[in-house]
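Visitor: Submitted below is the structure of interest, expressed as structure tokens.
The values are calculated or read from the model by the stated rules, or taken from the named source; none is laboratory data. Please read these numbers as outputs of a predicted model, since none were measured by experiment. Reconstructed Cβ throughout: ideal geometry from the backbone, glycine too, with neighbour counts over all protein chains shown.
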Amino acid sequence: MKVTFLGTGTSQGIPVIGSRHPVCLSTDPKDSRLRTSVLIEWEDNKYIVDCGPDFRQQMLRCGCEKIDGILFTHEHSDHVLGLDDIRPFYFKQGNISIYAHKRVLKALKKRFDYIFETENKYPGAPSVSIQKIKNKPFNLADVKVIPVKGKHFKLNVFGFRFNDFCYTTDLKSMKQKEKQKIKGVKVLVVNALRIEAHYSHFNLEEALKFIEEIQPERAFLTHISHLLGFHAEVEKQLPENVFLAYDNLEISI
Ligand SMILES: [Zn+2]
């Protein structure tokens, strides 16, 4: 299985528009972060987790020519706003499968009403195949995907375990029962926003504590704010098996 980090930045992306913060002005490409998303590939299968406002740029950047579906963690703008840009895939492949909880689907229908229109639909609009998911395993091709539920402020969010790989983002907490589902993974992705505490995201300390509990072989931090600091400097302070993800990073599991 191959995982490509399409974006590793928090909701505003880095650099933040108009910011003079040193990290936003950094010339290190690893300090530039599009909105958080990953591409997960195995054999001929290509799935994306989340589809934020940078989706078009991310698809062009990774040279992706087809997708088999999009899984949504939750409905916040930085995770869904690129949905209209599935059009090139839709024109080529037909309806694109989207996997989401019913609450997330409701939000998508409100925001992208024209995509879900069944009568007099505008011919240029894309269409999707709705795959409603609950907190229960489901199959993508030959892989069993296990959703893992966490809290993002008051909102439930899903992470997804694909065999030895588990992708989570936008977590502030997770119940023991859900953590149990992640135990034994080789690679874990988790959000680490910044050094200071935040009401809806793990800060660095909380992310490291979460990793310590799960004990994966390797962990990668994502959904990073400029306030976490320079990539090169933060990376040096991390435990041996923990890394800061960066845009375009590819890992094999
Ligand atoms: Zn987010």
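Visitor: Based on this model, can you work out whether Phe230 counts as among the aromatic types (Phe, Trp, Tyr), within 18 Å of Gly13 (Cα to Cα) and within 16 Å of the ligand (Cβ to nearest atom)?
Guide: Values: among the aromatic types (Phe, Trp, Tyr): yes; within 18 Å of Gly13 (Cα to Cα): yes; within 16 Å of the ligand (Cβ to nearest atom): no.
For Phe230, the condition - among the aromatic types (Phe, Trp, Tyr), within 18 Å of Gly13 (Cα to Cα) and within 16 Å of the ligand (Cβ to nearest atom) - is not met.
Visitor: Which condition number in (1) within 12 Å of the ligand (Cβ to nearest atom); (2) on the phi < 0 side of the Ramachandran plot; (3) surrounded by 24 or more Cβ atoms within 10 Å (Cβ to Cβ) is the one that Asp50 fails?
Guide: Result: Asp50 passes all but (2).
Visitor: With the condition kept exactly as written, say whether any residue in the range 4-11 is free of Cβ contacts under 8 Å to residues at least 40 places away in the same chain and of a type in the set (Val, Ile, Thr).
Guide: Taking the range 4-11 and keeping what is free of Cβ contacts under 8 Å to residues at least 40 places away in the same chain, we get none.
For the range 4-11, residues free of Cβ contacts under 8 Å to residues at least 40 places away in the same chain and of a type in the set (Val, Ile, Thr): absent.
Visitor: Please give the number of the condition Asp84 fails out of (1) under 12 Å from the mean Cα position of the chain (by Cα); (2) surrounded by fewer than 18 Cβ atoms within 10 Å (Cβ to Cβ).
Guide: Asp84 satisfies every listed condition except (1).
Visitor: Mind checking which residues of the range 133-152 are under 17 Å from the mean Cα position of the chain (by Cα) and not aliphatic (A, V, I, L, M)?
Guide: Listed by number, the residues that qualify are Pro147, Lys149, Gly150, Lys151, His152.
Visitor: When the residues of the range 12-44 are filtered to those that are touching a residue at least 60 places away in the same chain (Cβ under 8 Å) and basic (Lys, Arg), which remaining residue is farthest from Asn191 (Cα to Cα)?
Guide: Only one residue tops the list, namely Lys30.
Visitor: Restrict the check to the range 197-217 and report whether at least one residue is assigned to a strand (DSSP E or B), in contact with a Phe, Trp or Tyr (Cβ under 9 Å, 6 or more places away or on another chain) and without any contact (Cβ under 8 Å) to a residue 60 or more places away in the chain. First the steps, then the outcome.
Guide: Residues of the range 197-217 assigned to a strand (DSSP E or B): none.
So far as the range 197-217 goes, no, none of its residues is assigned to a strand (DSSP E or B), in contact with a Phe, Trp or Tyr (Cβ under 9 Å, 6 or more places away or on another chain) and without any contact (Cβ under 8 Å) to a residue 60 or more places away in the chain.
Visitor: Here's a follow-up. Here is a list: Leu188, Leu221. Which entry is outside any helix (DSSP H, G or I), crowded, with 17+ Cβ neighbours inside 10 Å and within 16 Å of the ligand (Cβ to nearest atom)?
Guide: On the way: Leu188 fails: within 16 Å of the ligand (Cβ to nearest atom).
Going through Leu188, Leu221 in turn, just one is outside any helix (DSSP H, G or I), crowded, with 17+ Cβ neighbours inside 10 Å and within 16 Å of the ligand (Cβ to nearest atom): Leu221.
Visitor: Could you list, ordered by first residue, the pairs with Cβ atoms under 9 Å in which the first is in the range 140-159 and in a strand (DSSP E or B) and the second is basic (Lys, Arg) and modelled with pLDDT under 95, at least 6 apart or interchain?
Guide: Final answer for the pair search is none.
Visitor: Right, something else. Being touching a helix residue (DSSP H, G or I) at 6+ places or on another chain (Cβ under 6 Å), over 23 Å from Asn163 (Cα atoms) and without any contact (Cβ under 8 Å) to a residue 40 or more places away in the chain is true for just one of Lys109, Lys121. Which residue is that? First the steps, then the outcome.
Guide: Numbers: Lys121 fails: touching a helix residue (DSSP H, G or I) at 6+ places or on another chain (Cβ under 6 Å).
Result of the check over Lys109, Lys121: Lys109.
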